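Peer 1: Please read through the structure below; I'll follow up with questions.
What follows draws every value from the coordinates through simple rules; no lab data is involved. If you're wondering where the values come from, they're calculated on a predicted model, not measured in any experiment. FYI the Cβ positions are ideal-geometry reconstructions off the backbone, even for glycines, and counts take in every protein chain you see.
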Amino acid sequence: MSTEVRKTDRGPAGAAADADGTVLEASGVTLRFGGLTSLDDIGLRMRRGEVLAVIGPNGAGKTSLFNSLTGAYVPQEGRIVFRPRAGGEHSLLGRKPHVVSRLGLARTFQNIRLFGALTALENVKIAAETRLTAGPVSVMLGLPNARRAERASDRRAHEVLSFVGLLDRINELAGSLSYGDQRRLEIARALATDPEVLLLDEPAAGTNPTEKLELEELIRRINTELGVSVLLIEHDMRLVMSVADRVMVLNFGRRIAEGSPSEVQRDPAVIEAYLGAAAEDEKAAVAEVVAEAEAGHGTGADDGTGTGGSGERARDGEERE
């Protein structure tokens with residue numbers, strides 16, 4: 001589907017109809033690996049058309065949440081529901097990743113997963129062709145519907161490559177692109193599946209400041225021009241605070257805070273998760289150590305005389321006399 005068609009779909013009437021709607025909802029999601037609980041009773045509610053960021057220290061469970069939402073992992077407990085614009089709702093729990101993609105969720109990965117030996121155009125066409133209806137027999141026989149599907153996928157691939165700013169590199173091998181361009185190519189490949197929700201797993205990782213600014217603008221355009229809801233995992237707090245409508249914070253598999261970027265920045269639980277013990281606790285600990293040290297000096301516990309240091313002072317006095 002072209003950008004123009006998508007913008008028509010998101011016209012004023014349609015936007016008003018689902019402005020307060022929920023596109024993705026999870027409740028009570030618990031994911032365990034043996035004795036390790038990666039996600040503990042996680043809930044998530046994503047409104048249609050928003051940019052929702054998920055942040056937290058390393059090991060907080062962010063990627064595990066993405067994997068659970070997209071079918072890579074199957075949580076032992078909980079409920080995950082996707083509500084497309086067309087109406088109805090679909091349970092995502094236990095669905096295969098390709099089924100989740102067809103329903104309207106697409107994702108990128110923390111570690112880039114492109115086909116390095118294929119061109120940028122071929123990488124995106126592979127994704128675009130997942131939306132086509134021509135079967136393998138039609139393709140092998142070169143039937144008219146297969147030829148139409150081929151032209152459609154080629155057109156769609158050109159559209160999304162142009163949208164992310166890679167149209168001039170369509171014939172370059174993916175593996176030869178700069179790191180920032182590879183990140184954008186992975187986003188283009190996800191967009192080629194025509195998603196309603198785009199999940200970005202640390203898209204700014206490894207990029208330089210200029211590429212981060214370009215990525216920030218791209219995320220905004222995906223959200224506003226294409227009408228795609230964006231679920232973002234990111235460690236770059238400047239990027240998160242500039243593009244996110246809401247922020248959810250995880251720590252040790254639990255949700256510890258949620259709200260606007262400014263609210264989350266001031267939350268004591270978030271500050272402690274990122275910086276360790278609160279400043280008051282650190283001061284109290286230092287004061288306790290100092291008090292113990294002073295008490296030790298006062299009793300002469302380490303001079304071995306049991307006299308609080310008075311024996312050594314007495315000897316010094318005798319020598320002076």
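Peer 1: Using the Karplus curve 6.51 cos²θ - 1.76 cosθ + 1.60 with θ = phi - 60°, what ³J(HN,Hα) values do you get for each residue of segment 213-223, in whole Hz, with x for Gly and Pro?
Peer 2: 5, 5, 5, 4, 5, 5, 4, 4, 5, 4, 6
Peer 1: Once fully extended, how much extra length lies between LEU173 and MET241, figured as 0.36 nm per residue of separation less the alpha-carbon to alpha-carbon distance?
Peer 2: Using 0.36 nm per residue and subtracting the Cα-Cα distance, I get 21.1 nm.
Peer 1: Can you tell me the order of 53-66, 188-201 when each peptide is scored by its average per-residue count of other Cβ atoms within 10 angstrom, highest first?
Peer 2: 188-201, 53-66
Peer 1: Moving on to the next point. Determine which residues of segment 89-104 fall in the zone a paramagnetic label at VAL74 would reach in this model, i.e. backbone nitrogen under 16 Å from the point 7 Å along Cα→Cβ.
Peer 2: 91-100
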